[in-house]
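Written below as structure tokens is the structure these notes are about.
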Amino acid sequence: MNKSESKKGKKIALVAVFVMLIFVFAFGGYSFAKYTTKGTGTDSASVAAWGIKVTANNTGNFKTQYASDDGTLQVSASDNTKVVAPGTSGSMTLAISGSAEVAVGVKMEFSVTEDIFAKYGTEEYHPLKFKLSVTGEDEARAEGSLDEIKNYVTGLGPGYNIGTYGVSYNFDDAPVVYTLSWEWAFFTDADTDILDTAIAANDTTAEVDEGAVSEINQEVAFTWALTVDQINNYTAA
């Protein structure tokens with residue numbers, strides 16, 4: 001092969017490569033091209049905080065011993081049984097503390113297992129006088145026997161009968177504390193002394209002006225509860 005033929009062969013090869021490149025860019029581009037649009041979204045979240053607590057404190061309620069202001073014992077049970085007597089008093093509290101990142105509703109429940117009483121004639125004597133109150137209010141919400149306290153709570157209606165609170169309401173900054181206190185008066189009148197004694201002695205032969213004692217109960221027991229729930233229908237006042 002002479003030099004002239006060799007150069008001619010190289011030119012043909014270069015032309016062939018050039019033609020192939022044109023084919024790839026032209027026809028290949030049309031084969032793989034397309035319309036395209038892209039949108040991207042990302043997000044993250046954590047669980048809304050719940051830091052609400054309801055604390056019951058009954059250390060100052062019914063006791064095995066009661067002392068006067070100077071510390072002298074005035075009433076003392078012979079065993080570990082909690083007792084009550086004329087001249088004694090006490091209280092317990094239910095306190096809501098903390099905060100949450102959700103709206104909340106508060107409901108109160110109250111049930112009576114039994115109360116101390118003496119029935120005489122057509123009357124019924126309940127020596128323990130209870131009082132239900134809440135922080136920030138001068139007047140008690142309810143007063144009287146356990147049944148009268150229960151009737152008050154029942155009268156609040158179903159659902160969140162105490163109230164609802166908006167997102168992030170801080171119960172530490174604005175405490176909500178309910179107190180149930182009680183007292184057995186040391187002396188009211190002569191007939192009351194007779195009834196107090198009849199209850200302590202379980203004496204159904206005692207009599208007062210309004211009639212003879214016919215029935216006595218010496219025990220007191222109740223259940224009191226506050227519940228705080230998340231709600232999804234809060235409406236600002």
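With respect to the conditions (1) surrounded by 13 or more Cβ atoms within 10 Å (Cβ to Cβ); (2) at pLDDT 95 or above, GLY121 lacks only one, and its number is (2).
Restricting attention to segment 207-232 and to residues that are outside any strand (DSSP E or B) and in contact (Cβ under 8 Å) with a residue 24 or more places away in the chain, the residue that is surrounded by the most Cβ atoms within 10 Å (Cβ to Cβ) turns out to be VAL220.
When segment 169-186 is limited to residues that are more than 15 Å from the chain's Cα centre (by Cα) and over 19 Å from MET92 (Cβ atoms), the one that is surrounded by the fewest Cβ atoms within 10 Å (Cβ to Cβ) turns out to be ASP173. Answer yes or no as to whether GLU207 is more than 28 Å from the chain's Cα centre (by Cα) and either closer than 17 Å to ASP115 by Cβ or modelled with pLDDT under 95 (or both). Taking the combined requirement at face value, the residue does not satisfy it. None of THR179, THR164 is in contact with a Lys or Arg (Cβ under 9 Å, 6 or more places away or on another chain) and outside any helix (DSSP H, G or I) except THR179.
The values are calculated or read from the model by the stated rules, or taken from the named source; none is laboratory data. Not measured: the values here are computed from a predicted model. As a convention, Cβ positions derive from the backbone with ideal geometry for all residues, glycine included, and neighbour counts pool all protein chains shown.
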